[in-house]
1. At 0.36 nm per residue, minus the direct Cα-Cα distance, what do HIS20 and GLN122 gain on full extension? Give it in nm, one decimal, please.
2. Which helices, counted as full DSSP H runs in the chain, have an axial Cα extent of no less than 30 Å and a Kyte-Doolittle average of 1.0 or above?
3. Can you pull the percent of the chain's accessible area that's carbon plus sulfur, 1.4 Å probe, other chains left in place?
4. Do the sum for the chain: with -39,500 (n - 2.57) for every DSSP H run of n ≥ 4, divided by all residues, what is the mean residue ellipticity at 222 nm, to the nearest 500 deg cm²/dmol?
5. Name the chymotrypsin sites (Phe, Trp or Tyr not before Pro) in the range 37-121 that are in a loop by DSSP and that have at most 13 other C-beta atoms within 10 Å, would you?
6. Restricting to Cα pairs below 8 Å that are 6+ residues apart, what does the relative contact order work out to for the chain? Please round to a whole percent.
7. Within 10 Å of each candidate Cβ there may be at most 12 other Cβ atoms; applying that plus a DSSP loop requirement, which trypsin sites (Lys or Arg not before Pro) in the range 58-99 survive?
8. Write down the Kirkwood hydrodynamic radius of the chain, to one decimal in angstroms, obtained as one divided by the mean of 1/r over all alpha carbon pairs.
Amino acid sequence: MDRTADFRALCRRHGLAATHQRQLIYETLMSLTGHPSPEMVYERVRRKIPSISLATVYKNLHTFVERGVLREVSLHHGSLRVDANHEPHHHAVCMKCKSIVDIQEEALTPIRLRGAPPAGFQVERFAVDVLGICAACAARSHRPRKTASPFDHQS
Ligand SMILES: [Zn+2]
Ligand SMILES: [Zn+2]
């Protein structure tokens, strides 16, 4: 597998110039599990390009989202989080710590609109945010001692 050729093809499909820097940002993102913030991507990319700035990482992630290469996790999250999971899926979002966990699409289907969408509105996909309190936050608010949770590191 030629990763550079793959990345070039991906960029071509989305009308994007394939630069080395952009490729590194993309590959770093894909190597991180979950829904990394621009800061998390930046911390990693900096190890390979020490001169890179957070603003550059931010700008590139935005471009990826704008061109449809990557998906923004949730428009309601309040900060940019990008998704390395390209399969259609939904999200459980903790209202306290903002951690995000994937919910498989099958767990929520079928989702359909009852009645028509607003006039002229073209539906592309459904993205459901299930809001709540994650196990770690629930444990923290009930007991003073720290409880390990499988959701702790999946934000
Ligand atoms: Zn939480
Ligand atoms: Zn996701």
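The values are calculated or read from the model by the stated rules, or taken from the named source; none is laboratory data. Since this is a predicted model, take the numbers as computed values, not measurements. Cβ coordinates were reconstructed from backbone atoms using ideal geometry, including for glycine residues, and neighbour counts include every protein chain displayed. Keep in mind that these areas ignore ligands, DNA and RNA; they rest on the heavy atoms of the full protein, side chains included. Shrake-Rupley method; radii C 1.70, N 1.55, O 1.52, S 1.80 Å.
1. Full extension of this stretch gives 33.2 nm more.
2. none
3. After summing per-atom areas, the C and S share lands at 53 percent.
4. -10500 deg cm²/dmol
5. The qualifying sites are PHE121.
6. 20 percent
7. none
8. Hydrodynamic radius (Kirkwood, Cα pairs) of the chain is 17.6 Å.
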